[in-house]
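Read through the structure below, which is laid out as structure tokens, and then see the notes.
The values are calculated or read from the model by the stated rules, or taken from the named source; none is laboratory data. This one's a predicted model, so the numbers in the text were calculated from it and none came from an experiment. A quick note on method: Cβ atoms are made from the backbone with ideal geometry, for glycine too, and the neighbour counts reach across all protein chains shown. For the accessible areas, the whole protein counts, side chains as well, though only heavy atoms, and no ligand, DNA or RNA atoms are used. Shrake-Rupley method; radii C 1.70, N 1.55, O 1.52, S 1.80 Å.
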Amino acid sequence: MPTPPYILSLREKIGHDMLWLSGATAVIQRESDGKFLLVRRSDNGMWTPITGIVDPGENPALTARREALEEAGVEIEVVALAQLKVDPPKTFENGDQCQFLDHTFYCRWVSGEAKVSDEESSQVRWVSLEEIQELCNERMRDRFDAAIDYQTGTRFGFEEVH
């Protein structure tokens, strides 16, 4: 995954120290058949919804739209903020540390043929809810659950993360 230039600049100043970052997740549903869009990440092979780092000054909902177009070539409508949750701290192979505040959005597919559109993904596919349970890890399934249940209001993850 390419690291955004502003993070590279910060890393020059702080080294591998912890960075607090905002992220956006777009749980995208195609209304015609009820299926959801998944991408297979190039860096670790995991199946996930569309995700990305929020650029400085960028609205996280716009991040979701931008990432959907960049990663899968699809235009989406952001319908609702479904969940706001702190992810566990992460240490990358190079020693960089970060922690994300993830904004999960329920989104509707508007147009575009879903396809691999950049180097961040190796595959793209539309899947049923049952397939999400099989393909995604618990953290990503939680994001899908929040998006599917968005009518009950935004979820705020209050559990402590260490």
* Compute the accessible area per residue over region 14-111, keeping the other protein chains in place, probe 1.4 Å, unit Å². => 44 Å²
* Select from region 80-149 those trypsin sites (Lys or Arg not before Pro) which occupy a DSSP coil region and have at most 12 other Cβ atoms within 10 Å, ordered by residue number. => 115
* **For region 115-124, Karplus couplings with θ = phi - 60° (6.51, -1.76, 1.60), whole Hz, Gly/Pro x** => 7, 5, 10, 8, 6, 6, 10, 9, 8, 9
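Give me the percent of accessible area attributable to carbon and sulfur for the chain, probe 1.4 angstrom. Working shown, then result.
On the way: 4350 of 8640 Å².
Whole-percent figure for carbon plus sulfur exposure: 50.
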* Could you state the angle between the C-alpha long axis of helix 5-14 and the longest principal axis of the C-alpha atoms of the chain, as a value from 0 to 90 degrees rounded to the nearest 10? => 30 degrees
* Structure fact -> Sparse-neighbourhood loop hits (GluC sites (Glu not before Pro), region 56-144; DSSP loop; Cβ within 10 Å at most 10 others) -> 93, 113
* Quote the relative contact order of the chain in percent (integer), defining contacts as alpha-carbon pairs under 8 Å separated by 6+ residues. => 30 percent
* **Whole-Å distance, taken between Cα centres, linking region 60-117 and region 1-55** => 6 Å
* Structure fact -> Rounded to the nearest 10, the angle in degrees between the Cα long axis of helix 138-148 and the longest principal axis of the Cα atoms of the chain comes to 50 degrees
* **Dipole-positive endmost among 6, 20, 104 within the chain (Cβ charges, Cα centre)** => 104
* **Distance between modelled label sites at residue 125 and residue 13, nm, 7 Å Cα→Cβ extension** => 4.4 nm
* Figure the gain on full extension for residue 137 and residue 93 (residue separation times 0.36 nm, minus the Cα-Cα span) and round it to one decimal in nm. => 13.8 nm
* Structure fact -> For region 18-102 the mean separation of alpha carbon contacts under 8 Å (6+ apart) over residue count, i.e. relative contact order in percent, is 34 percent
* To do: Report, in degrees rounded to the nearest 10, the 0 to 90 angle that the Cα long axis of helix 60-72 makes with the longest principal axis of the chain.
  => 70 degrees
* Structure fact -> Amide H proximity to residue 42 below 5 Å, modelled H, separation 5+ or other chain, gives 121, 122
* Asked: Which three extents, in whole angstrom, do the alpha-carbon atoms of the chain cover along their principal axes, largest first?
  -> 49, 34, 31
* Asked: Between residue 46 and residue 30, what length comes free when the chain is fully extended (0.36 nm per residue of separation minus the Cα-Cα distance, one decimal in nm)?
  -> 3.6 nm
